[in-house]
Amino acid sequence: MRNWKAAVYKHIPEYFPNEVGVVGGMVGLIGGLGGFIGPILFGYLLDFSGLWTSSWIFVFIVSAISLFWMNTIIKKMMHSKLLISKIKLSMRTTTKTKL
């Protein structure tokens, strides 16, 4: 766990506090599949394109898509948390005024 190799596992409880085990298992599964399918896919990319850098281009594209997806999901989660906190606040003020 040194040198930021498992930094993903640090953030799981922050973003998914109720599903830590499920999300941790999914991260491990995706990492295992990437370690198995990655070299095979890189070989096919090299055969198809003839470029040794095609695997790096593929990694860049997948990373960019993942970054965009993660950013979108976190924005939605933060927006829903903000909405829930506003609803709770409005419920508190309405119950206080009724009393």
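The values are calculated or read from the model by the stated rules, or taken from the named source; none is laboratory data. Keep in mind that this is a model prediction, so the values were computed, not measured. Don't worry about glycine lacking a Cβ; one is built from the backbone with ideal geometry, like all the others, and counts go over all protein chains shown.
Quick look at the values:
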item: Within region 8-26, considering residues that are in a loop (DSSP other than H, G, I, E, B) and surrounded by 13 or more Cβ atoms within 10 Å (Cβ to Cβ), the one modelled with the highest pLDDT; result: Glu19
item: From Leu51, Leu29, residue being among the aliphatic types (A, V, I, L, M) and outside any helix (DSSP H, G or I); result: Leu51
item: So Ser66, is it small (Gly, Ala, Ser), surrounded by 10 or more Cβ atoms within 10 Å (Cβ to Cβ) and under 17 Å from Phe16 (Cβ atoms); result: yes
